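What follows is one structure encoded as structure tokens, with my remarks underneath.
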Amino acid sequence: MANPRFTAIPALPQSGVDEWQLRVLSAIKENVELLTGTRGEEDRNSVALVRSRLNVSPPAAQTMTQVSAQGSGVTVSGVNIPTLDDYGRLLSDTQRLANDVAALRATVEALVNQLRA
């Protein structure tokens, strides 16, 4: 994971500035240090997320783009039954869809883990 580059904020002058200016600059300095992770916050809850910290690869191309099962079947004694070929295509379609969902889930899980780190 790449580390972002931030420039340190110099100490604020303690004289020669109005009190309100010192308070505003102090608040800005503290917030920037919290966002950049340089303030020493133990839980690091205030650290901003930067793009260089994310390295999740895009998910693989989707394999299930359309259903190959056609819904063909036969009627036996008034009951509609799918043909064995169509049933096999449906099983194959379902497995491809399950594989696509698993790949997307792995990508989302990797992203969530990086966001939490």
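Please treat every number below as a calculation from the coordinates, not as lab data. Quantities reported herein were computed from a predicted structural model and do not represent experimental measurements. Glycine also receives a Cβ, built like all others from the backbone with ideal geometry; neighbour counts cover every protein chain displayed.
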Residues with amide H under 5 Å of Val67's amide H, sequence separation 5 or more or different chain, H placed in the peptide plane at 1.01 Å from N; which? none
If you place +1 on the Cβ of every Lys and Arg, -1 on the Cβ of every Asp and Glu, and leave all else neutral, what size is the dipole of segment 58-117 about its Cα centre, to the nearest 20 Debye? 200 debye
Virtual spin-label span in nm between Ser26 and Met64, 7 Å along Cα→Cβ: 6.0 nm
Mind pulling up the Rg/Rh value for segment 57-117? Radius of gyration and Kirkwood radius, both on Cα. 1.27
Largest first and rounded to whole Å, the semi-axes √(5λ) derived from the alpha carbon gyration tensor of segment 1-53 read 26, 11, 8
Two-site label geometry, Gln95 and Asp18: point separation in nm, points 7 Å out along Cα→Cβ: 7.5 nm
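About its Cα centre, how strong a charge dipole does the chain have in debye, to the nearest 20, once Lys and Arg get +1 and Asp and Glu get -1 at the Cβ? Could you put the intermediate results ahead of the total?
Details: 11 positive and 12 negative charges, 51 e Å.
Roughly 240 debye, rounded to the nearest 20.
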Non-local amide H neighbours of Gly73 (under 5 Å, H modeled in plane, Pro and chain starts lacking H): which ones? Thr83
Can you pull the Kirkwood radius for the chain, inverse mean 1/r over Cα pairs, to one decimal in Å? 20.0 Å
